[in-house]
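Chemist: Just dropping this structure here.
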Amino acid sequence: MVFRIHISIGICHFPEHWPQERWENDFEQMATAGVKYVRLGEFFRPTIESERKEFDFDWLDDAVELTGEFDMQTVLCTPTATHRSG
């Protein structure tokens, strides 16, 4: 009897902590390593909402797009682990 087990690999990634010029290489390396799911967004609230009620999702859009370009899927988190200072 032969059992085949398929395991999908996921990783948490914090692109907001790195220069955007580096992201494509990071995502390429993840895909090469076999990563299928990229978890984003746990700690991004200060980056998304730098001023109260002023939101900037452009960098997150770019990160999600790169995930798709490398045939991975995005899992977005609720950024409850951090707070906006001020």
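Only the coordinates and a few stated rules stand behind these numbers; no lab work does. Here the structure is a predicted model, which means the values were calculated and not measured. Cβ: placed from backbone, ideal geometry, glycine included. Neighbour counts: every protein chain shown.
Chemist: Any residue in the stretch 11-32 that is without any contact (Cβ under 8 Å) to a residue 24 or more places away in the chain sitting within a Cβ distance under 9 Å of a residue that is part of a strand (DSSP E or B) and of a type in the set (A, V, I, L, M, F, W, C)? List the pairs, counting only those 6 or more apart or interchain.
Modeler: Q29/V35
Chemist: Considering only residues that are touching a helix residue (DSSP H, G or I) at 6+ places or on another chain (Cβ under 9 Å) and not hydrophobic (A, V, I, L, M, F, W, C), which ones fall in the stretch 38-54?
Modeler: Matches in the stretch 38-54: G41, P46, T47.
Chemist: Only one of these conditions is not met by I48: (1) loosely packed, with under 14 Cβ neighbours inside 10 Å; (2) within 18 Å of T78 (Cβ to Cβ); (3) over 11 Å from the mean Cα position of the chain (by Cα). Which number is it?
Modeler: Of the numbered conditions (1) loosely packed, with under 14 Cβ neighbours inside 10 Å; (2) within 18 Å of T78 (Cβ to Cβ); (3) over 11 Å from the mean Cα position of the chain (by Cα), the odd one out for I48 is (1).
Chemist: Please determine whether any residue of the stretch 35-55 is in contact (Cβ under 8 Å) with a residue 24 or more places away in the chain, aromatic (F, W, Y) and in contact with a strand residue (DSSP E or B) (Cβ under 8 Å, 6 or more places away or on another chain).
Modeler: Yes, that holds for at least one residue.
Chemist: Also: Which ones in the stretch 1-43 are among the β-branched types (V, I, T) and under 11 Å from the mean Cα position of the chain (by Cα)?
Modeler: I11, V38 - these are the residues of the stretch 1-43 that are among the β-branched types (V, I, T) and under 11 Å from the mean Cα position of the chain (by Cα).
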